[in-house]
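*Asks:* There's a structure below that I have some questions on.
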Amino acid sequence: MKKVCVIFRHSPIGNTSSREGLDFAMLSASFEQEVSVVFTDEAVLHLLPEQQPELVGSKDYLATFKALSLYDIDTVLVCQESAKQFGLKESEFNFEAEMASVKQIQLLIQQANEVVVY
Amino acid sequence: MAPLQEPFFIVMNKFIIQVNGTVYGSTASFRALRFTESVLSLGHQVSHVFFYQDGVMNSSALICPASDEHDLHRAWTKLATEHNLHLVNCVSAALRRGVLSAQDANENRKDAFNASDKFTMGGLGELVTGIEQSDRLICF
Amino acid sequence: MILHHIQSSVTADNALSTCLRYIDAQDSILLADDALNCLLNTQWQQRLADFKLYVLIEDIEARGLSERLPQSANISIIDYDQFVLATLQHTKVITW
């Protein structure tokens, strides 16, 4: 078993990077890896409620983020600095995630065996 | 060849290489190829090269660059043949991008397939187990 | 000790800026592909001055930058064999 940290740094709509990163995170968890997830930069917008990706021809994969805890992915951190940049508050998050300082995220990155960025 | 530091020369390490960059329009796949060549020439092991995201485009046997251009598809298949290297496509990433093996074409009722048989269609599970079993994961 | 692998230009992508937000003082950065172009800019040179940097010789020569990169003690020019070694000398590689 390895500690795998999956960092999302791209916006939810407009590219498919996060969708394929999410597939990787869930598959890693189902293969018994210890998976943690970080949202930083524009990827903090994943946490926004009421998104309708299908209106612009994307699959609504965002709903799947709500299933992270079912896959035993319990560490889900949102970069506080990025959230502030995009005017996002913790009370608005549409799935279970925790606002985290740069230091907390640094620590998670250092402790992981592998860190992949999507 | 660059001077090698002894401890690293003696210990054989296992690498997994992940290629996310497409075959034309980015240099990621080229750099992944050069890196893989070096890993092998230094006597290390490559568990497999896993093609994900736009990286699956590297497996299309229909890639036809002009004769004065670099043919990355051919370079990967050549390296795989010479070193018995395991090239694996993520099948779902490939299907979404119109990269199909003969079997995929058959199952999806398509008239043609384009993935070279040097590339195996696999699942993300192969990436995950590859990462678990390797000393280093390097993404391009 | 992490090797951070950046492979896009700072003008096209904020991979390097994001990396710098989370980097540890002992980590190193490989500026591959167009990422290395930022070394021509004095502001970026200053931002990166405290980190050990690697640049691939093929990337430099392909871009005609051999004489233009700053002569700085923190920048190592390496080939692919040395890139492989660098990945082993660090605990892991993060490709941003």
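The values are calculated or read from the model by the stated rules, or taken from the named source; none is laboratory data. Everything numeric in this text was worked out from a predicted model, so none of it was measured. So basically every Cβ, Gly included, is an ideal-geometry build from the backbone, and we count neighbours across all protein chains shown. Only protein heavy atoms, including side chains, enter the accessible area calculation; ligands, DNA and RNA are left aside. Shrake-Rupley method; radii C 1.70, N 1.55, O 1.52, S 1.80 Å.
*Asks:* Does any residue of the range B:103-123 turn out to be closer than 22 Å to C:Gln7 by Cβ and more than 14 Å from chain C (Cβ to nearest Cβ)?
*Replies:* No, because not a single residue in the range B:103-123 is closer than 22 Å to C:Gln7 by Cβ and more than 14 Å from chain C (Cβ to nearest Cβ).
*Asks:* For the range B:81-91, which residues satisfy the criterion of being without any contact (Cβ under 8 Å) to a residue 12 or more places away in the chain and not acidic (Asp, Glu)?
*Replies:* In the first step, residues of the range B:81-91 are kept if they are without any contact (Cβ under 8 Å) to a residue 12 or more places away in the chain; the result is B:82, B:84.
Of everything in the range B:81-91, just one residue is without any contact (Cβ under 8 Å) to a residue 12 or more places away in the chain and not acidic (Asp, Glu), namely B:Asn84.
*Asks:* Now for a separate question. What residue, among those in the range A:9-25 that are among the aliphatic types (A, V, I, L, M) and over 16 Å from B:Gly130 (Cα atoms), is surrounded by the fewest Cβ atoms within 10 Å (Cβ to Cβ)?
*Replies:* Ranking the qualifying residues of the range A:9-25, first place goes to A:Ile13.
*Asks:* May I pose another question? Failed condition for B:Lys78, given (1) open to solvent by 80 Å² or more (accessible area, probe 1.4 Å); (2) not in a helix (DSSP H, G or I), with all others met?
*Replies:* (2)
*Asks:* Determine if the range A:50-60 includes at least one residue that is open to solvent by less than 70 Å² (accessible area, probe 1.4 Å), touching a helix residue (DSSP H, G or I) at 6+ places or on another chain (Cβ under 7 Å) and part of a strand (DSSP E or B).
*Replies:* Scanning the range A:50-60 turns up no residue that is open to solvent by less than 70 Å² (accessible area, probe 1.4 Å), touching a helix residue (DSSP H, G or I) at 6+ places or on another chain (Cβ under 7 Å) and part of a strand (DSSP E or B).
*Asks:* Also: Look through the range C:80-96, keep the residues that are in contact (Cβ under 8 Å) with a residue 40 or more places away in the chain and at the interface with another protein chain (Cβ under 7 Å from one of its Cβ atoms), and return whichever of them is farthest from B:Ser41 (Cα to Cα).
*Replies:* Filtering the range C:80-96 for residues that are in contact (Cβ under 8 Å) with a residue 40 or more places away in the chain and at the interface with another protein chain (Cβ under 7 Å from one of its Cβ atoms), the one farthest from B:Ser41 (Cα to Cα) comes out as C:Trp96.
*Asks:* Which of the residues spanning the range B:99-140 are open to solvent by 70 Å² or more (accessible area, probe 1.4 Å) and assigned to a helix (DSSP H, G or I)?
*Replies:* Listed by number, the residues that qualify are B:Gln103, B:Asn106, B:Glu107, B:Gln133.
*Asks:* Kindly indicate the residue of the range C:51-96 that is among the β-branched types (Val, Ile, Thr) and within 30 Å of A:Val4 (Cβ to Cβ) and also surrounded by the fewest Cβ atoms within 10 Å (Cβ to Cβ) among those meeting that condition. If you could, list the steps in order and put the result at the bottom.
*Replies:* Initially, the range C:51-96 is screened for residues among the β-branched types (Val, Ile, Thr), giving C:55, C:57, C:60, C:75, C:77-78, C:84, C:87, C:91, C:93-95.
Narrowing the set further to residues that are within 30 Å of A:Val4 (Cβ to Cβ) leaves C:55, C:78, C:84, C:87, C:91, C:93-95.
Details: C:Val55: 20, C:Ile78: 17, C:Val84: 27, C:Thr87: 22, C:Thr91: 13, C:Val93: 21, C:Ile94: 25, C:Thr95: 22.
Across the range C:51-96, the extreme among qualifying residues is C:Thr91.
*Asks:* Give the residues of the range A:61-85 that are closer than 21 Å to A:Phe31 by Cα and open to solvent by 60 Å² or more (accessible area, probe 1.4 Å), sorted by residue number.
*Replies:* Passing the criteria: A:Lys66, A:Ser69, A:Leu70, A:Tyr71, A:Asp72, A:Asp74.
*Asks:* All but one of (1) open to solvent by less than 50 Å² (accessible area, probe 1.4 Å); (2) within 14 Å of chain B (Cβ to nearest Cβ) hold for A:Leu45, so report the exception by its number.
*Replies:* Of the numbered conditions (1) open to solvent by less than 50 Å² (accessible area, probe 1.4 Å); (2) within 14 Å of chain B (Cβ to nearest Cβ), the odd one out for A:Leu45 is (2).
*Asks:* Please give the number of the condition C:Ile60 fails out of (1) more than 10 Å from every other protein chain (Cβ to nearest Cβ); (2) on the phi > 0 side of the Ramachandran plot; (3) touching a residue at least 12 places away in the same chain (Cβ under 8 Å).
*Replies:* (2)
Here is a yes/no grid of residues against (1) touching a residue at least 40 places away in the same chain (Cβ under 8 Å); (2) more than 10 Å from every other protein chain (Cβ to nearest Cβ); (3) over 16 Å from A:Ser18 (Cβ atoms):
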{"site": "A:Gly57", "(1), (2), (3)": "no, yes, no"}
{"site": "A:Ala63", "(1), (2), (3)": "no, yes, no"}
{"site": "A:Leu68", "(1), (2), (3)": "yes, yes, no"}
{"site": "A:Asp74", "(1), (2), (3)": "no, yes, yes"}
{"site": "A:Gln80", "(1), (2), (3)": "no, yes, yes"}
{"site": "A:Lys89", "(1), (2), (3)": "no, yes, yes"}
{"site": "A:Ile109", "(1), (2), (3)": "yes, no, yes"}
{"site": "A:Val117", "(1), (2), (3)": "yes, no, no"}
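*Asks:* Scan the range C:35-45 and give yes if some residue there is open to solvent by less than 40 Å² (accessible area, probe 1.4 Å), closer than 27 Å to B:Leu40 by Cβ and hydrophobic (A, V, I, L, M, F, W, C), otherwise no.
*Replies:* There is at least one residue in the range C:35-45 that is open to solvent by less than 40 Å² (accessible area, probe 1.4 Å), closer than 27 Å to B:Leu40 by Cβ and hydrophobic (A, V, I, L, M, F, W, C).
*Asks:* Filter the range C:18-64 for residues that are within 17 Å of C:Tyr80 (Cβ to Cβ) and small (Gly, Ala, Ser) and give the result.
*Replies:* C:Ser28, C:Ala32, C:Ala35, C:Ala62
Yes/no per residue for (1) outside any helix (DSSP H, G or I); (2) open to solvent by less than 30 Å² (accessible area, probe 1.4 Å); (3) within 13 Å of another protein chain (Cβ to nearest Cβ); (4) of a type in the set (Gly, Ala, Ser):
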| position | (1), (2), (3), (4) |
| --- | --- |
| B:Ser38 | no, yes, yes, yes |
| B:Phe50 | yes, yes, yes, no |
| B:Val56 | no, yes, yes, no |
| B:Glu69 | yes, no, no, no |
| B:Glu82 | no, no, no, no |
| B:Ala93 | no, yes, yes, yes |
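*Asks:* Next up: Being within 10 Å of B:Gln18 (Cβ to Cβ) and touching a helix residue (DSSP H, G or I) at 6+ places or on another chain (Cβ under 7 Å) is the filter here, so list the residues in the range B:128-139 that pass it. Let's see the steps before the verdict.
*Replies:* To start, the set of residues in the range B:128-139 that are within 10 Å of B:Gln18 (Cβ to Cβ) comprises B:130-131, B:137-139.
The answer is B:Leu137, B:Ile138.
*Asks:* Just one of A:Val6, A:Val37 is open to solvent by less than 60 Å² (accessible area, probe 1.4 Å), away from every other protein chain (no Cβ under 14 Å) and touching a residue at least 12 places away in the same chain (Cβ under 8 Å); which is it?
*Replies:* A:Val37
*Asks:* Kindly list, by first and then second residue, each pair from a residue in the range B:111-140 that is farther than 22 Å from A:Val117 by Cβ and of a type in the set (A, V, I, L, M) to a residue that is part of a helix (DSSP H, G or I) and open to solvent by 60 Å² or more (accessible area, probe 1.4 Å), limited to pairs with Cβ atoms under 8 Å and residues at least 6 apart or on different chains.
*Replies:* Cβ pairs passing all conditions: B:Met121/B:Gln103.
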